[in-house]
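Here is the structure we will look at.
The values are calculated or read from the model by the stated rules, or taken from the named source; none is laboratory data. These numbers come from a predicted model, not from an experiment. In this analysis, Cβ positions are derived from the backbone assuming ideal geometry, glycine residues included, and neighbour counts consider all displayed protein chains.
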Amino acid sequence: MNLPFIEWLPKQRWYAGRARVLSSVTPSVVTALAPDLDHALLLASYADGGSEVYQLFVGWDLELPEEFAGQATIGAQDGRTGCDALFSPDAARRLLTLIQAGATTGPLRFLPEPEASLPVDAPARVIEGEQTNTSVIFDTEAILKVFRRVNAGRNPDVELNRVLARAGSPHVAALLGAMESVDERGAPTSLAMVTAYAPNSADGWSMAMASVRDLLAEADLRADEVGGDFASESFRLGEAVAEVHATLAVELGSVAGPSPLPEMRRRLERTVAEVPELVDLAGAVADRLSALEGQIVVQRIHGDLHLGQALRTPDHWFLIDFEGEPGQPVAERRRADSPMRDVAGMLRSFDYAANQLLRGEPNDEQLAYRAREWVQRNRGAFCDGYGHVTGVDPRALPGLLSAYELDKAVYEAAYEARHRPDWLWIPLKSIRALLAAGPNPIP
């Protein structure tokens, strides 16, 4: 296969090597699926000596929707035009057919879930704007998610969705099938997954942002008086997260495991070196993290939970994207941790939803007060919902939740300093507030 991948790959939204010098892109494994359809693993090598593996379905002389023709076309080889076949509705449906049939082709395994029925004849269209994967929606019935950057091992998004769906959890979209490759030792690597589509759904981030806008537009109403009050949804979201944690604990177990404190301390040290504003706070943060000394109860969790990872359907809150940070090794993303990491991630997301609307006016005291009111109301409602299921308010756990929130805010500070310096004030303000509130700030 001799297509101009080195020119095409860096133009894709899901390409992660923009900060590096790309030296070559080589198809390392090519598997023919049909005369006009191949699966390719592309080895992207960098000038710094590192490399990444991306996957691509290459279609030959396929008919593409006009709006995607430029984006999907890779180039010509031997008189044929190669393209990203996921943009071809016909090719996408053929992939579903392979999964439905449980096909095996070379190192590729197409795995339907028991009794799953896939919409192999449904209209198909690519979702635009994704940063790390590519998803294809089949009418209102199913969604195929292809993991563009390939990491050895079974992706936790496939693994945990399968566990939760088979356990009957109402808080995940049912897994319908998956695709994986198998190496010479029989070890699997996840490549794609198909889940039921959630029609008429809205993501939690958009809902929360609309609620904050409603509040900031009303100068003389309390948060509980505004028409867009989000607290009841935050409560139900807390219940949903707790129920997912409970199901994962039952199905996969929970144990007393080593504390993540050493890694938290290393993250703090690295961030202080990058963010001078943290120097005077580092000692107090380190002291608070010490609450995690020794062992804690750990289990499988979402691992990267925030409002954008939650969908509100007419009946339930769904949690999505259990794959964790795509840039991390699969073993790292599968690591057990305290459920409080997920809780802390969601609480930090409430803080971002309110404060990012103040970016232009972070010193407006009236708006800042209104934002704090919204954050406190929804943090409290989420924790109330979580505690309603578990019987334990997360805010009552001795220092545990506070330590995880601080660790998350430190991570955010490093991210903002690198990528969005004008947002750095959000995590810095939160770190100061968390330190001032003490380890167990129950309203």
Selected residue (criterion: modelled with the lowest pLDDT) from residues of the range 338-363 that are surrounded by fewer than 19 Cβ atoms within 10 Å (Cβ to Cβ) and among the charged types (D, E, K, R): Glu361
Filtered residue count, the range 90-104, keeping only those that are over 26 Å from the mean Cα position of the chain (by Cα) and touching a residue at least 12 places away in the same chain (Cβ under 8 Å): 6
Any pair with Cβ under 9 angstrom, 6 or more apart, that starts in the range 199-220 at a residue that is charged (D, E, K, R) and ends at one that is in a helix (DSSP H, G or I) and surrounded by 14 or more Cβ atoms within 10 Å (Cβ to Cβ): Asp203/Leu307; Asp203/Gly308; Asp203/Gln309; Arg213/Leu357; Glu218/Arg370
Where Gln55 falls short, out of the listed (1) part of a loop (DSSP other than H, G, I, E, B); (2) touching a residue at least 60 places away in the same chain (Cβ under 8 Å); (3) out of contact with any Pro (no Cβ under 7 Å at 6 or more places or on another chain): (1)
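So which of Leu33, Leu37, Leu9, Leu3 ends up being over 23 Å from Asp183 (Cβ atoms), hydrophobic (A, V, I, L, M, F, W, C) and over 29 Å from the mean Cα position of the chain (by Cα)? First the steps, then the outcome.
On the way: Leu33 fails: over 23 Å from Asp183 (Cβ atoms); Leu37 fails: over 23 Å from Asp183 (Cβ atoms); Leu9 fails: over 29 Å from the mean Cα position of the chain (by Cα).
None of the other options fit; the residue is Leu3.
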Hits in the range 126-180 - residues which are among the hydroxyl-bearing types (Ser, Thr, Tyr) and at pLDDT below 90: Thr132
Residue satisfying all of: in the range 13-29; touching a residue at least 24 places away in the same chain (Cβ under 8 Å) and assigned to a loop (DSSP other than H, G, I, E, B); nearest to the chain's Cα centre (by Cα) among these: Trp14
Subset of the range 74-84 (residues that are surrounded by fewer than 18 Cβ atoms within 10 Å (Cβ to Cβ) and over 16 Å from Ala32 (Cβ atoms)): Gly75, Ala76, Gly79, Thr81
Ala142 over 22 Å from Phe68 (Cα atoms), crowded, with 16+ Cβ neighbours inside 10 Å, of a type in the set (A, V, I, L, M) and outside the structural domain of Ala381 (by TED's automatic domain parsing): no
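Tell me the residue from Phe57, Phe68, Phe87 that is among the aromatic types (Phe, Trp, Tyr), under 22 Å from Thr132 (Cβ atoms), surrounded by fewer than 20 Cβ atoms within 10 Å (Cβ to Cβ) and in contact with a helix residue (DSSP H, G or I) (Cβ under 8 Å, 6 or more places away or on another chain), please. Write out each step before concluding.
Values: Phe57 fails: surrounded by fewer than 20 Cβ atoms within 10 Å (Cβ to Cβ); Phe87 fails: surrounded by fewer than 20 Cβ atoms within 10 Å (Cβ to Cβ).
On inspection, the qualifying residue turns out to be Phe68.
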Matching residues in the range 198-214 - criterion: being more than 17 Å from His171 (Cβ to Cβ) and of a type in the set (Ser, Thr, Tyr): Ser206, Ser211
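Of the residues that make up the range 112-125, is at least one hydroxyl-bearing (Ser, Thr, Tyr), modelled with pLDDT of 95 or more and in the same structural domain as Ser190 (by TED's automatic domain parsing)? Step through it out loud before you land on a result.
As a first pass, look at the range 112-125 and keep what is hydroxyl-bearing (Ser, Thr, Tyr): 117.
Pick out the ones that are also modelled with pLDDT of 95 or more and you get none.
The answer is no; no qualifying residue exists.
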Scan of the range 181-211 for residues that are under 30 Å from Ser28 (Cβ atoms) and either crowded, with 19+ Cβ neighbours inside 10 Å or in contact with a Cys (Cβ under 7 Å, 6 or more places away or on another chain) (or both), ordered by number: Ser181, Thr189, Ser190, Leu191, Ala192, Met193, Val194, Thr195
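Out of curiosity, is Val410 surrounded by 19 or more Cβ atoms within 10 Å (Cβ to Cβ), without any contact (Cβ under 8 Å) to a residue 60 or more places away in the chain and either in a helix (DSSP H, G or I) or of a type outside the set (Gly, Ala, Ser) (or both)?
Values: surrounded by 19 or more Cβ atoms within 10 Å (Cβ to Cβ): yes; without any contact (Cβ under 8 Å) to a residue 60 or more places away in the chain: no; either in a helix (DSSP H, G or I) or of a type outside the set (Gly, Ala, Ser) (or both): yes.
Here the answer is no, as Val410 does not meet what is asked.
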Qualifying residue in the range 152-165 (condition: part of a loop (DSSP other than H, G, I, E, B), touching a residue at least 60 places away in the same chain (Cβ under 8 Å) and on the phi > 0 side of the Ramachandran plot): yes
